[in-house]
Structures are given as structure tokens and as C-alpha cells.
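Written out below as C-alpha cells is the structure these notes cover.
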Amino acid sequence: MLHVSETLVPRSRFPVIDAHTHLSSVAEHKKGVAFGEKMRFLVEPEDALAVMDRKNIRIMVDLTGGVGAGLKSVIRKYHDAYPGRFVVFTEPWWERAHQPGYSKFQADQIERAHRAGAAGLKVLKTMGLYLREEVTSGPLVKVDDHRFDAMWEACGGLEMPVAIHTSDPEAFFLPIDPTNERYEELSAHPDWSFYGKDFPSNRELLEARNRVFARHPQTQFIALHVGGDAENLAAVSEWLDRYPNMHVDLAARIGELGRQPRAARAFFEKYQDRILFGTDATPGGVQTPQQLFTEKLYEIYFRFLETTDEYFDYAPAPVPPQGRWKIYGLGLPEAILRKVYYENAARLLKLTC
Ligand SMILES: [Zn+2]
């Protein structure tokens, strides 16, 4: 029964780089680990461009560009076909992580990916939660395992930012019962829970990741999903203060930020040079439900960042998926909007425009 104003923001006030999208995916996965070079294209570039032009998205960064020949096919299809509109990241060769000589092989592959046109490296939460010593079996491989040091260093040397997703919402590490604030979501996707078994805690995962930031100060890291702990901005702020090479994106976390609008606004003011706009979107084909969903999702992100509207859904209808709450807009000033929408990502990606 609450009567509050509702601002429709069909286009962002300034051009946007969506630094976190998924336009492609490695075709084969076993137990959360990508195998092989074969890719699936999740959206035709023309269909993505239609959404981008309507919503004022100048560039989409496709984080999951795969490896080897698959990576090349993704770069051809998006980046080369539409210059200036798509950026593609490569990924680690997880399936080889148990082989002798992996460390050097992986560093060499980063260099090859760079030559092929990859702009950065994406590390999925595979690292820490799925990758095991025998790839899909044995003990979990730690995020700060030294076999990856050469990979982080190669990225630093080539000025390729590393977009790293570590851990997941705190609620995913707690029992799935009605006291869990994401009960409906976890009930619908019980495989998203990392409660029990041999999983490390959320805190252990993030601390291992932070040791990687500390060990590779020349490498720029984008800690995805608000640094992996959007529920705890005090902790994320402490890490940003400690690691000058750490940045964050907003992808799939405006639900968390928007339920603490005063702390979130202070966070944006303090770290305005280190926050990237991202959504986790896959735009889908013309007029499909997926495409309509994506357009609505962009409108909600813009409304959250640009307006001071109160108490609205953080995701399109029917039911916001992540928990039983609503969000409040931040009403960010122009200078911060420009940085978050475009300039911070442009700087990290070495774009000249
Ligand atoms: Zn993502």
C-alpha cells in the first residue's frame, strides 16, 4: 500500500560499458569445471547490439570467452565483426591444472590469448569451489595455489585485468532452512549451496583470494560481485584500502547494495574510481523473454544508480530471486555516474575513447 514515485529510466544518462556479460560459454562442463575448446554462443551479436543501442550500452565485455581455438572463434564472432562494441576475456585451462608443467603452459596461453585479441582473464568460482587436484576429484585446489602465480604475473605484465569471482553470497554457506534469507532461491537451486561437505568457508575463500592480490601487486584484479561480499561493505572497504590493485563490479548485487542505500552511497563516493558497472547479463534473441528480461534489468540498474526512488524490486517480475526485500536508489551525481558507467572500465581495459 506504499505510495512512492516510480521513475522509468529507459536509457542510462551516460554511455555504458557493461563489464560483466556472458555472450558465450565453454560448451562442456563436468562438475563445475569447463573442458575443451568448443564454445556455445549464447546470443547473436546483432541481437545483443539491438539491446545495447536501445539501452545506451556502448560496449559489452564477454567474460567467458574460453580458451584456444574456442577463444578465437568468440573474438571473430563478436569483437572482430563489430569493432569497438565487444571486448572478450579468456579463461584458464582448468582441465590441465593437474598436469606437470601447467604453470608455464598457462602463462604461455595467456600470452597467446593476448595476441589473439583477448583483453583480460576471467576466473570463475571454479577456483576454490569446484577445481580439484584430479580436476573433478580429490581435494579442492586453493585460490592462492602457487601453480597459478605465473598466470597472475603474465596478466600483470601484459596489462590484462583479471576478473575474478570468488565464493558466493554468505547465505549460500548456511543451512537451507526457512531462517536462511535466500531460502526460496536455494530451495530452487540446492546445488548452489556450499554448506557442509568439504567446502571452505566464505571467509577462507576470500582470504585466499586476497593473498593473491597481495602477492601480485602489478596485476589489476576486478573482484566480481562487489568483491564477493556485498553484504559486508565494511570488509570490502578494508580490502580496497589494503590492495590498490583491487577493483569491484556491481554484477548481480544491486539487491545487496540497494538494501543498505546510505552505506552503499558512501561506498560509491569513497571508491568512485574503482567500481565498474556490470550486470551478468546474457541478452538473448529478438523479443524472447530473455531479451525483455535483460532490457528491464538494465532499467532497474539505471534506476538504482541514477534516481532516489524508494522501495522497488531489484530484479524484473515476477519475483525478485535473491531474497525477500526491496531496494532504494542512490541518486549518484554525474561525475560518479560517468566513472562507474564508463571511465573506470575504459581505463582498466586500455580503451582509448
Ligand atoms: Zn557472471
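The values are calculated or read from the model by the stated rules, or taken from the named source; none is laboratory data. Predicted model only: the values in this text are computed from it and were never measured. When we count neighbours, we look across all protein chains shown, and the Cβ atoms used for this are built from the backbone with ideal geometry, even at glycine. Surface accessibility is based on the protein's heavy atoms, side chains included, excluding ligands, DNA and RNA. Shrake-Rupley method; radii C 1.70, N 1.55, O 1.52, S 1.80 Å.
Taking the Cα atoms of region 9-104 alone, what are Rg (to one decimal) and Dmax (as a whole number) in Å?
15.3, 53
Which value, in Å to one decimal place, does the Kirkwood hydrodynamic radius take for region 115-182 when every pair of different Cα atoms is included?
Hydrodynamic radius (Kirkwood, Cα pairs) of region 115-182 is 14.3 Å.
Placing +1 at every Lys and Arg Cβ and -1 at every Asp and Glu Cβ, with all other atoms neutral, what dipole size does region 1-131 have around its Cα centre, in debye to the nearest 20?
160 debye
Let me know the Kirkwood hydrodynamic radius for the chain, please, with Cα pairs as the basis and the value in Å to one decimal.
Its Kirkwood hydrodynamic radius stands at 20.5 Å.
If packing is taken as the average number of other Cβ atoms within 10 Å across a peptide's residues, how do 277-286, 307-316 rank, most packed first?
The peptides rank, most packed first, as 277-286, 307-316.
Within 10 Å, count the other beta carbons around each residue, average over each peptide in 73-81, 247-255, and list them highest first.
Most protected by this proxy first, the peptides run 247-255, 73-81.
Using only the alpha carbons, work out the radius of gyration and Dmax of region 229-353 in angstrom.
Looking at region 229-353, its Cα Rg and Dmax stand at 14.8, 45 Å.
Using a probe radius of 1.4 Å on heavy atoms only, what accessible surface per residue do you get for the chain? Whole Å² is fine.
42 Å²
Go from 0 up to the bin containing the longest alpha carbon distance in region 52-113, width 10 Å each, and give me the % of pairs per bin.
Pair shares across the bins are 21, 42, 23, 11, 2.
How high is the FRET efficiency from Glu207 to Phe41, r the C-beta distance, R0 45 Å, rounded to 0.05?
Efficiency computed from Cβ-Cβ geometry: 0.75.
Report, in debye and to the nearest 20, how large the dipole of the chain comes out about its Cα centre when Lys and Arg carry +1 and Asp and Glu carry -1 on their Cβ.
Taking the Cα centre of the chain as origin, the dipole is about 680 debye.
His146 to Lys270: extension gain in nm, 0.36 nm per residue of separation minus the Cα-Cα distance?
41.3 nm
For Arg262 and Lys31 in the same chain, what is the full-extension length gain: residue separation times 0.36 nm, less their Cα-Cα distance, in nm?
79.2 nm
Dividing the alpha-carbon Rg of region 91-209 by 2.2 N^0.38 Å yields what?
Ratio of Cα Rg to 2.2 N^0.38 Å: 1.20.
Let me see the pair-distance distribution of region 150-277: every alpha carbon pair, 5 Å bin width, integer percents in order.
In whole percents, the pair-distance histogram is 2, 10, 19, 21, 18, 14, 9, 4, 1, 0.
What is the distance, in nm, between label points placed 7 Å from the Cα along the Cα-to-Cβ direction at Lys104 and at Glu6?
Going by the 7 Å Cα→Cβ label model, 6.3 nm.
Where the accessible area of the chain is counted over protein heavy atoms with a 1.4 Å probe, how much of it, in %, is carbon and sulfur?
Carbon with sulfur: 54 percent of the solvent-accessible area.
Would you mind working out the magnitude of the charge dipole of region 133-257 relative to its Cα centre, with +1 at each Lys and Arg C-beta and -1 at each Asp and Glu C-beta, to the nearest 20 Debye?
Charge dipole, region 133-257, about its Cα centre: 320 debye, nearest 20.
Take the eigenvalues of the Cα gyration tensor for region 220-276, scale each by 5, and report the square roots as semi-axes in whole Å, largest first.
After scaling each eigenvalue by five and taking roots: 16, 12, 10 Å.
Glu181 versus Ala69, label points 7 Å from Cα toward the beta carbon: distance in nm?
Calculated label separation equals 4.8 nm.
At Lys197 and Ala335, where each label point lies 7 Å from the Cα along Cα→Cβ, what is the point-to-point distance in nanometres?
The modelled label-to-label distance comes out at 4.8 nm.
Please state, as a whole number in µm²/s, the translational diffusion coefficient that the Stokes-Einstein equation yields for region 28-175 at 37 °C and 0.692 mPa s, with Rh defined as the Kirkwood radius across alpha carbon pairs.
The estimated diffusion coefficient comes to 202 µm²/s.
Among Pro283, His247, Pro318, whose Cα projects farthest towards the positive end of the dipole of region 246-353, with charges put on the beta-carbon of Lys, Arg (+1) and Asp, Glu (-1)?
Toward the positive end, the furthest listed residue is His247.
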